[in-house]
Every structure is written in C-alpha cells, then in structure tokens.
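Everything below concerns the one structure shown next.
The values are calculated or read from the model by the stated rules, or taken from the named source; none is laboratory data. Computed from a predicted structure; not experimentally measured. Note that we place each Cβ from the backbone using ideal geometry, even for glycine, and neighbour counts take in every protein chain shown. Remember, those area values only see protein heavy atoms, side chains included, never the ligands or the DNA or RNA. Shrake-Rupley method; radii C 1.70, N 1.55, O 1.52, S 1.80 Å.
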Amino acid sequence: MSFLTETLAWLVDPANWVGAGGIPTRLAQHLLFTLVTLLVAALIAVPTGFLIGHTGRGRGLAVALSGAFRAIPTLGLLTLVALWVGIGLNAPYVALTVLAIPPILAGAYTGFEAIDRKIIDAARAVGMSEAQIVLKVELPLGLPLLIGGLRSATLQVVATATLAAYIANFGLGRYLFEGLRIRDYGEMLGGSILVILLAIVLEGVFALVQKLVVPRGVTAGLPIDIRDGSSRSRPVMESTIEEGNSHVHSE
Amino acid sequence: ASGDPLAEPSSSAGGSTIVVGSQAYYSNEIIAEIYSQALEAGGFTVDRQFQIGQREVYLPDIEAGKIDVFPEYTGSLLQALDKAAVGGTSDATYAELQTALPDDLRVLDQADASDQNSWTVTADFASKYDLTDIASLTNVTEPITVGGNSELETRPYGPTALKDKYGISIAGFVPVEDSGGPLTVKALVDGDIQLANIYTADPNIKTNNLVALSDPDGLFFPDNVVPVVSQKIDDSAAAILNKVSAALTADTLVDLNAQSKNDQLSADKIATAWLTKAKLI
Amino acid sequence: MIEFHSVTKRFPDGTLAVDDFSLVLPSHKTTVLVGTSGSGKTTLLRMINRMVDPTSGSIEIDGADIGTLEPVKLRRGIGYVMQNSGLLPHRRVIDNVATVPMLRGMAKKKARDEALALLDTVGLDRLLANRYPSQLSGGQQQRVGVARGLAVNPNILLMDEPFGAVDPIVRAELQQELLRLQRELGKTVVFVTHDIDEAFLLGDQVVILRTGGKVAQVGSPAEILANPIDEFVATFVGADRGKRSLHLENHGDGDIVVDETGRLAGVLVGSGPSASPSTVSSESKAGPRGPGASAQGGDSR
Amino acid sequence: MIEFHSVTKRFPDGTLAVDDFSLVLPSHKTTVLVGTSGSGKTTLLRMINRMVDPTSGSIEIDGADIGTLEPVKLRRGIGYVMQNSGLLPHRRVIDNVATVPMLRGMAKKKARDEALALLDTVGLDRLLANRYPSQLSGGQQQRVGVARGLAVNPNILLMDEPFGAVDPIVRAELQQELLRLQRELGKTVVFVTHDIDEAFLLGDQVVILRTGGKVAQVGSPAEILANPIDEFVATFVGADRGKRSLHLENHGDGDIVVDETGRLAGVLVGSGPSASPSTVSSESKAGPRGPGASAQGGDSR
Amino acid sequence: MTWIWSNLDLIWDRTFDHLILSVPSIILSFLIALPFGWLAHRYRASRAVILTTVGVLYAIPSLPLFIVLPFIVGTSIRSPLNLIIALTLYGVALMVRVVADGLGSVDRDVQQSATAVGFSGWTSFWQVELPLAGPVLLAGLRVVAVSTVSLATVGAVIGAQSLGSLFTDGFQRGIQAEIIAGILATVLLALALDAVLVLIGRLLMPWTRRSAIGVVARPGAVARQEVTT
Ligand SMILES: Nc1ncnc2c1ncn2[C@@H]1O[C@H](COP(=O)(O)OP(=O)(O)OP(=O)(O)O)[C@@H](O)[C@H]1O
Ligand SMILES: Nc1ncnc2c1ncn2[C@@H]1O[C@H](COP(=O)(O)OP(=O)(O)OP(=O)(O)O)[C@@H](O)[C@H]1O
Ligand SMILES: [Mg+2]
Ligand SMILES: [Mg+2]
C-alpha cells in the first residue's frame, strides 16, 4: 500500500501548498467554479421548477427532459462543446451546468408539489394573491426539498468539476490529470482526497443551512391528524432529495 | 516491479492467435490495423485489442506478455522505460531502446515514419517573428503561452527547458489533454496559446497552416514508428511486419492520418487501401 | 344576504357539479349544505368567495354581483374555515390568525394583539399562541382555523366540513362552541357537512343536495325531519332506516329512548315543549324561521 | 373466554399504557373497549394476540396462558380487523382474504374458494374479488378486512376502530352488518372504538377506559347509561352535556325528540317497550346480560 | 452526419460493450444495496454510519477511482471487471439510501396488520415490506440505471471500450458527428434501460397500475417516480 504513503507525502509536501499551482489556489478555483456553476444552474432550474410546481403544467415535459439531461454523459458534452468554443472554462461551465440542472429542477418542483394542496388552497381562500402564495407559502414550505436538490447537485459538480482541468489550467482536477500522465499516484490520490474533503465540507454547510431554513413547524410537533399530510410527505421528501442525487459525474 | 499494482500475473491466451494492441489514439490504431491486416494476409489469426488507453495503462500488459504486437514510438517508449535515457539521433535512440526493453520483449525494424513531439506555431506567428527553429523563439516580444498535455509541463523539453536552455520567456502553461489534437490546434489558431506541442504527423499542421519549428539540438527524442513484439512473434511474422515498416514513410503517415481526420474514414478502410496500394496484401 | 341566481358550474372536464341552483341565504343565519360526496357542496361554497366561478348564473352579496369584484379583495373580507384547518404549518398559531389582517395592511403588533383576543373568543389558551399548528391537537387546530376565519371580522363565514376530521367527542364540543359563537356574533354562516345530525344541529336553514348539484329539499330542520319531501330525503335523514323513529323502553331506571336499529338514544327527562330551559333555544332552532340567532338566549348553557 | 389478570403494560419509554387491568370477556359476546385517545384500548387489544406483551400480569384464553404460546401461531388463529382495513395493497381482494389460510398451509385453490364464500358472508359482490384494495371504496375495504379476519374461522375477532375512517352513512351500514354477522356467527368479539354511540350499539359488555389505562366503568350499555358511576363516565357518555337527556316537542307533525343541546334526535313512533317489532332486539341488547347474541331474533331488519 | 451512417457497426459494437459494463453494475448495485439499506432502515444506530459512508463514496471523482481500484481489489486496470466494480460502488452509494427510504415508506398500518394476521418477520419482509417498497425502489433503480449508463462512458479515458470511446476518438480526430453519435447513443441507451425497468415494474407491481376509484392513492410515490423519468 505504498500509494497511501505517497499520497500522504504529497499532501504534506510544503511545495504543493504554495504558488499558482498550489493547493490553496486550486482549491479556491475549484470552489469558485462549483459555486458559479450552481448559481447559473439554479437561476435556470429554480424558477422553472417553481413555475411547474405552482401551475402543475409542463410537468411531463420537464420530467422527461430532466431524465434525458441526466443521461447526457458529461465527458461527451464537454468534448463536444470544447470543439465549438475552444479551451478555457466555457465548455466546462456549459457541461457542468447541464449536469447540475436535473437535481435542482427535481428538487424545486417536487418541493412545490410535496406541499399539501389544502394549505395552498386555504392560503388562496383567505385572500393571498398568487405572488404571496408563491413567496409566503410555497417557497418556505418547498425550501427543504429545493435545498436537497441543490445539495446533491453540489456533490456532483464538485466531483465532476475536476473535468475542467481537461481543457483549462484550473482546479483540483489538474492534480488528477497530471498525476495520471506522469504516473504520480500520490499526486492523483492526493488531489482526489482534496476533492472528497471539499465535498464533505460543502455537505456539512448544506446540512447546516437545511437545518436553519426548514420551517420549524414542518419538523416540530407530534404526529396528530392534521400532520398526516405533512408527516406522510416527509419520507417522500427525503427520498426525492436522494433521487435528485443522480450522481452522474462523468469525467 | 512486484510493487506495481498495474502489473498482473501473466496468463497468455496461448495458441496461434496474435494479439495486436493499440493506443487510444487514432493514428496508432491505423498502424495497428495495418499490422493486423498484413499479418492476417500472411495466414495469422489476429485478435485486435485496440484503443486501450495511454501508455501507463497498456505497458504493464505488454510487459506481462498479454499483447504480442504493439505499434510504438521509439523515443517516447524509451523515456517511459528509462527515465534517465539520453536519446540522440534516430538510430541511437533505437539502439538504446533495444537495450532498455525487458528480456522477453523486442522491437522489430523501425519505420522511416515518425510521429514525434514538436514545438509548433501558426504560420502568421512564425513570419511575424521570423521563426524557423526552436531557438529563434527568443525573437518573440509578446508573452508566450504554451499548450499541451499535463505532463508536458514537467517534461525535459517542456516550458522549463525552453527557458533554461534557450532563454525563451514563457508566460504560462495551459493543459489541453488531447495530445496536440483539434482542441490544441484550435487554441493555437484562436490565439489562446502561441506555442503548442503537436505531433509531427498530425495533418492539422498542413490543414491549418501551422509551422513545426525545427529541432536541430535534438531537444525532442526522435519518435520513429516501431512494433514492440513478444516472444510469440516468429520469424515469418516478423518479416511481414518489417516489410510494412519499410514501406511506412513519413509522408505516408501524415497522409493516413489525414484520411482519418479529414475524410473521416475508419482505420480498417484506410489500412486496406494503403496495404493494397503498397502491394503488401 | 347571499343570493344564488340560476347558478350552474360545469368543470372543464365536463363534470356538472352544480346545476341551475337558486337560493337565498339570509343574513345572520346559518345555512347548512348537506349531501353525499360529490354533490357539489364545496363547489357551491367556493363560488361565494370566487375560488370557483360559475359557468352561468350569478351570485350576489347584499345585492352586489360578486362577478364584478376583485377575487383577492373579496376573499379577504370573507372568513373561510376548512377541514384539517388548512393552517400554514410554518407559521405559529398567532401568526396564522394574524395573517389576513396583516395582508390587509394592519400593523404586526396590532394584528397580533387582536389575534390573541380571538384565541380567547374561540376558547383557546393564549399559551398556545407560540406553538406551530403541528404541535396542537386536531380540535385545537380547528379552533385556530375558526379564529383565523374570524380575524378580519367578516360578515360572512364559509365553513367546509370544518369538523370532519376530529373525533366525535371533540366534534361535539366544537359544534357547541360554534353555536355559542354564532349566538354572540351573528354572522352569515354557510356550513358544509355530510353529517345530517350536524346539519340539523347547526342549521337555521338546511339544504339537502343530491349528487349532481341538484337541490332535494330546503327548509328548517324540523320541517325536513317531519316532512321529508321524497324517498331520497327520507333515506338521507335516516327516517327509512328507523334511525329517526324512536320509542321508549323502561328499564326501571327511567325511560330509555331507543331507535329501530337498537341504538340507545338517551334517557327521557321531560315531555313538555317548555319543560326545560333548553327548549328556548331548541324551539327557536327547530321552529320555521325563528328569530335571529344572535337574539337567542344564551341561558341554555 | 378471555381473561385479563392484573395486566400492566409500561412501554420502554416509560409510558404506562395499561395499569393493573383485570377483566373477563365472555365467549360469544361482544366486548367494547371505549375511551379517548391514548387510554390504552389498542394496547389491551394487542395483548390478546401478543402483538404487545404485558409487563406484568397474565392473559388467558379459555384457561390457557397465552404467554406460553408461539405468537405467530397464536395470531394465525385470531381474526384481526383494524382501521383503514390494513389490507395488503399489493394483493387482490381475494388473495387478501385467502392470505392467512395459505400461511397456514391451505392449498391456494381451496383458500380462494373459501375466500369467495366469505365475500358473500360480509355482503360483498364476488365481482370485486379481483380488484386491488385501492380500487374499492372505504366501506368495501372494511368489509374485506372483516372477511379476512373471519378467514381462519377464528373463535376470537379483534377489531380496532374498524369503522373509524368511513363516513357516517357507510359506518351505520357496517355496524348493522356486524350485528347481523354476530347474530349468525357468535364470535367472541373485542371491539375498540372511541365513539360511545357505537359502543352502546354493538357492545354486550362495554368497558369505559380513562387515560392511563384505568377502567372507569364496566357494564351493559343500559346499566352505564342509566347509572354512570362517576362524573367522568357521565361526561363521556354525554349525559352531562344533555346529549342523553331527551325530551319531546310537538310541532303538529308529531312528537319530535330533542336533546338538551337542541339536537333533533328523531320522531317518536311508539311508547311501549314492545310496541314495535324492533324492541325484541333492542331489549335484549339493552338488557343486562341478555341471551347470547347469536340467539337474538333477526326480524328487526 | 454521414459519419454516423457509415459507422453504424462501430456504434453498435460500442453500445454492446457499454451494455456489458452497465447492466451487471446496475443489477449488482441493487443486490448489494438491499442488505445495507435494510440495515440502515432497521437499526437507527447503523443508519448514520451507513448513510455517511455512502455519502462519502458518492463524492469520489470517478477517474481516480477507476485507476485506484485495481490497487485495492487486484484486478487489471484494463479489465472490464474493474470498471464494473467502480460503477457498482456508485450505484450502491445511491441505492442504499433509496432502499432505506423505501422500506421506511411502507405504511406502518399495513405492516402491523400483516404481523397481526400472523406473518412472521422473514415472510413479512419478503411478502409485504419489499413488494410495498417496490415503487420507491424502482424509482431509485431508474436513477441508478441512467447514471450508470452515463458514467460508464468515463471508462474510455482509461481504455475500457464503451460508447465513451466515441468521445475520445471523435475528439482526437475532430469529428463532431462521432461525439454527437456517442452522446445520442448513450442517452438512448439510458432511456431504453429506463423503459425496460418501468416495464418490469409494471409486470411485478400490477397494483400500482390502476389507481383508486376517485382518489389518487399516493401522490408522493407518484411524484417521486416521475422525478426520475
Ligand atoms: N376542479 C375540478 N375539476 C373537475 N371536477 C371537479 C372539480 N372540483 C370538483 N369537481 C367535481 O364536481 C363534483 C362536485 O364536487 P364537490 O367537491 O363540490 O363535492 P362535495 O359535495 O364537496 O363532495 P365532498 O363531500 O366529497 O367534499 C364532483 O363530482 C367532483 O368530482
Ligand atoms: N410502542 C409504544 N411505545 C411507547 N408508547 C406507546 C407505544 N404504543 C402506545 N404507546 C402509548 O401508550 C398509551 C396508550 O396507547 P394506545 O395506542 O393503546 O391508546 P388508544 O386508546 O388505542 O388510543 P387511540 O384512540 O388514539 O388509538 C399512549 O399514551 C401511547 O402514546
Ligand atoms: Mg367538499
Ligand atoms: Mg388505538
């Protein structure tokens, strides 16, 4: 198991922690790339998902499309777009945004759908306008699932953003490719471990955020009559989050 | 090495079937296909195991005797086998490679065709700064960004060597993991990079009006095409492969590659056409 | 006063939910719509606050055609209580009650103060104000629902099977609570149920609907009970099953009232129409068009 | 005969669900456990088929301590019907009914034939046999649940709020159906409900439980109704709210029976204990310890 | 696009290679996830451990995993087995959670009633809990299938033949049609496998096909299933 010691040696080598190719720089690049990708994907997927969830229309199409999106191999998309737009971060941004959209979209619209229709109905009946229903009822109640979708998208993007290094001097993926090419497994595994650590940290952040934003009333309390609706949808919520997690990180 | 996990206990298929391998590289596959068809015409049965990745993936299999014939490039293979190799002329490299190979492997005759690394620029760039050979890059007054596979950055002929050996100032390095393929060429043409490592047999050099700077000092190892073979290759098979190598000239290889890239023909069609024309089958 | 003029509702999928329905719902009275599942009760109710718009016909509130009013504004002036309370699970009880006043622009502080007072009105402990709906029992939730419906002090209160999901004991409590509230507040209540007992208890006017949104009979409870207009109504009120046909049995401990199915209805305590104080309210309830509910005596409790 | 001897159940989390409970449940009779939520009804019921084991005390069936019996085998010999029917949603109606006989090793063909016959017994159309439970109405599902409970021809039938989830009209139907079945089959039925009306209608013996698994009163419906032992029972049976205190009012159309809350109970049709044929069954039900239920006349329908 | 028509044989061969890699992985991940998912569902204590492990597994970039795996399990880096193991790992990572959630989604009333009528623990698991978790399991399996097919393309980078080979080859030769063909074939293959799973689900779970008389039986389960279509 010499590769383990090699990996450790690479990780603690001070030379790898400084300069333009150093771990802090690449880590920051990776993180930034991930965040931008998620932001773009969210800007596309969240409003779309909410629209679908709110109106109940176009759902079949969205479901079919995000299924197909999920099947698109990131490696293929990356190489194809790269041939069109050239080197740099453009192609990875496109490919990874496509990767991130399905889980976020699923999170957004299932989040809306999982809300008990009666609650929305009651909100309308007491005189909330459509905008108020979206902002004050559907958004807070759909948030846990939406965040679940974002969370799984983040996991995938972090792992798959290593691909950006295929055509750009960028991110933690550089260690993977370089290590692979020069058969330096310590570097390659070290890079992988950094990616995993980053993913775990982001997971933690999300877990925290999820805890903060989940409306208290949705989790608190005893399972009495009324809660049936919401308590029943709990397991559903949990698992739709997971279904968002179609770990398609093709490299 | 016993510690190398990539190695696997040898268990050759046995029998009279010859296993021909190729890199996951289109040009290499064409050569492998030529070998295969030539061997088949000579009465051998061939098992094609093409597109099996980069050298780090297939080399252990060759060393383990699981592949009988593999098209290789003298300089690159030498460097892979022996990090301290000195290289030199084409013949010197070939001779050094023969000694560097493990006992039960050998190389047959090398072809005239070579597909070696080169420092390449666009024709416009070349004429603007009057570039002919690598050393003349010192003429360039604008920042030079270099593009190529990851490993290039640390290779003895890489950006560092350019700086140390010739005093050329390099502004940056951009990895493009397509081994000097279309993306690298596009980056060069688009001006995203100014200097690229592109294989000399790449038809893109011609198509895109690029200039491969000459290398009078032997910065790069020569990379003549050569079949690496196992013990299973007897004299008659070796004779067939040597005949192929004899016919395989530098221009031929560029032409074959062009058929693949520009005409989008498949490797077997290209191979059959060439072998027929060269009267080898 | 709410008037339905030849109202018909056909849903886009072709379902004829309400068919040529005309009725006057008097102010300050409780009108109960009762009928089996799918008879169009909810649809009728929701047409009053424009959650559903009629396909043809018109609805007037105090003479104004609601078709010309802005739905959101209209709804903010009408109380609405539904089964399972429909409370917002992510807001505390107090904020649920204060929701609509705040939507209408009332200051948060004031809205909350009024909401607290409303908790008293519906008989809820103020200590529950800071809980989330899921932390309340079904009956408590329903009370919050009523408080929310009352929050804007509406003239009209729409209630769609508000007590459908709570157990019979709590249900009985809530019904009494509603009777008390109605005596105090005198709203125009439109109440939907499929429990005929509940309808008879709460309704000044009871509307029995057949499947397909057709009116089978309209009248006071006593009228309907005494003179079911047809077989359907008789079946519906349970007259045919003997549930309404009571007789006395003596067990030594007193006269026990039993129906034809063998169900024990209770013990006979009085026999004259004014033998107990309760008859005051009973009579006015059972009688055809008694005085306004708000004028009924509260002494029966 | 089922006997509880000083049975106590404390759950691992410390909840004392049943506290020193002793009772004899006579064979071929219906014993109804009634009480508010959390009073330990379900826990008591489940101790009979060892879904729950008592912390202390013992339970005997026909003299045998069930603590010594193998639970799975015991359960296969006791019918069990629960709210929401508890049918297996992935099996057709017929297979749901045939499940237990097949678990006990009966051949598929035979089990299905018997299951079909049981559908007749519970008044279900055989055409429904090949449907899935979700394709039935709530009332139909409940009937299938009863059929399944009867499938092994058990002496004992445990029913945990079997009619809790169906609407009042269907519920009344199912109650009558159960009375009919019980007249025909004479099982030892243990029935849990929180509806006191239902308890009085169905029970030969009614057990009123307080929260915490304490017995408040045991007796026949008439005994309890006439002599509630304490305030709690009086409240529970509705005597205090006047629900059980009926009086007559005359509206010209006949004597209308009204309770103190103003609820119309029905129309008086007879006044003597044997004025109508229905009194035969009513009397035997209401009387303290009437003859075995199976011996009751079926002519009242 | 003429490239596609003149290379249908090649596309077909790669599709077949792709199936050889992905189908066993999908099946294996389901089988392996079952016991772990059951454990996570059954024992609170194991749940956290199992699900966290699975979560970390999830975050491993696939390229290094493909390369490191032979170090650990001792297969040849070029062996399809290596890739199948890696794909299975990812599948398991996804599926364990689904199994746990699926078993958790089974109506407690139904379970209780099964116990009450005399199902023993083991019989109840196979005849009641597992089939009733079926819709959730199917939904998860469909996601696993689609992602496995997509992920298998990465094998091309390390020389495992698959539809991904069309990307690397097309990339080197600058033939866009080849890459597009690879993407299309991958998506179609994924959707085809998905359709097969749906079909199998229909056959094995006939009770989910016809919904209740008026009521939509379980909106949650339906939505959940459709998320993954
Ligand atoms: N939005 C809708 N689209 C189509 N049909 C509808 C819609 N809403 C109600 N219906 C149909 O209209 C009829 C009346 O429905 P409504 O909800 O008013 O009945 P209801 O009397 O309230 O029944 P329940 O007692 O079950 O609540 C039913 O057949 C119902 O299926
Ligand atoms: N498995 C359990 N663990 C801990 N406490 C339990 C468990 N089962 C029941 N209890 C508690 O025991 C008490 C009695 O419960 P039980 O279910 O027997 O009541 P019940 O009378 O059937 O109520 P309901 O009418 O709501 O069905 C309650 O306080 C309940 O919370
Ligand atoms: Mg309704
Ligand atoms: Mg219970």
Find the residue count for the range C:1-23, including only residues that are within 16 Å of ligand 3 (Cβ to nearest atom), open to solvent by less than 30 Å² (accessible area, probe 1.4 Å) and among the aromatic types (Phe, Trp, Tyr). 1
When you go through D:Arg50, D:Arg75, D:Arg46 one by one, which is the residue that is of a type outside the set (S, T, N, Q), open to solvent by less than 50 Å² (accessible area, probe 1.4 Å) and at positive phi? D:Arg50
Take the residues in the range D:1-41 that are within 14 Å of chain C (Cβ to nearest Cβ) and not aliphatic (A, V, I, L, M); name whichever of them is farthest from ligand 4 (Cβ to nearest atom). D:Thr30
Run down A:Gly56, A:Gly49 and say which single residue is within 14 Å of chain E (Cβ to nearest Cβ) and open to solvent by less than 10 Å² (accessible area, probe 1.4 Å). A:Gly49
Restricting attention to the range B:270-281, which residues are surrounded by 15 or more Cβ atoms within 10 Å (Cβ to Cβ) and out of contact with any Asp or Glu (no Cβ under 9 Å at 6 or more places or on another chain)? B:Leu275, B:Ala278, B:Leu280
When every residue in the range C:151-166 that is open to solvent by 10 Å² or more (accessible area, probe 1.4 Å) and more than 13 Å from the chain's Cα centre (by Cα) is compared, the one nearest to C:Leu44 (Cα to Cα) is C:Asn155
Pick from the range A:14-30, criterion at pLDDT below 85 and loosely packed, with under 11 Cβ neighbours inside 10 Å, ranking: farthest from A:Leu172 (Cα to Cα): A:Gly19
Kindly evaluate B:Val121 against the criterion of being closer than 21 Å to B:Ser214 by Cβ and without any contact (Cβ under 8 Å) to a residue 60 or more places away in the chain. no
Collect the residues in the range B:165-217 that are open to solvent by 30 Å² or more (accessible area, probe 1.4 Å) and of a type in the set (Phe, Trp, Tyr), keeping them in residue-number order. B:Tyr166, B:Tyr199
The residue from E:Ala86, E:Ala48 that alone is more than 8 Å from every other protein chain (Cβ to nearest Cβ) and open to solvent by 50 Å² or more (accessible area, probe 1.4 Å) is E:Ala48
Looking at A:Val201, is it away from chain C (no Cβ under 14 Å), among the hydrophobic types (A, V, I, L, M, F, W, C) and within 18 Å of A:Gly107 (Cβ to Cβ)? no
Looking at the structure I just gave you, is C:Ala165 assigned by TED's automatic domain parsing to the domain that holds C:Ser27 and either within 16 Å of ligand 2 (Cβ to nearest atom) or in contact with an Asp or Glu (Cβ under 8 Å, 6 or more places away or on another chain) (or both)? yes
Can you work out which of the residues in the range D:24-43 that are crowded, with 17+ Cβ neighbours inside 10 Å and assigned to a loop (DSSP other than H, G, I, E, B) is farthest from ligand 2 (Cβ to nearest atom)? D:His28
Quick one: how many residues across the range C:126-139 are part of a helix (DSSP H, G or I) and under 15 Å from C:Arg91 (Cα atoms)? 6
Being within 14 Å of chain B (Cβ to nearest Cβ), farther than 30 Å from D:Val52 by Cβ and open to solvent by 10 Å² or more (accessible area, probe 1.4 Å) narrows it down to one of E:Gly182, E:Gly174, so name that one. E:Gly174
Subset of the range C:48-103 (residues that are among the small types (Gly, Ala, Ser) and either modelled with pLDDT under 90 or out of contact with any His (no Cβ under 8 Å at 6 or more places or on another chain) (or both)): C:Ser56, C:Gly63, C:Ala64, C:Gly67, C:Gly77, C:Gly79, C:Ser85, C:Gly86, C:Ala98
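Matching residues to (1) over 21 Å from D:Thr36 (Cβ atoms); (2) among the acidic types (Asp, Glu); (3) within 11 Å of another protein chain (Cβ to nearest Cβ):
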residue	(1), (2), (3)
C:Leu158	yes, no, yes
C:Gly164	no, no, yes
C:Glu198	no, yes, yes
C:Leu201	yes, no, yes
Could you go through the range D:113-121 and let me know if any residue there is open to solvent by 60 Å² or more (accessible area, probe 1.4 Å) and within 12 Å of another protein chain (Cβ to nearest Cβ). no
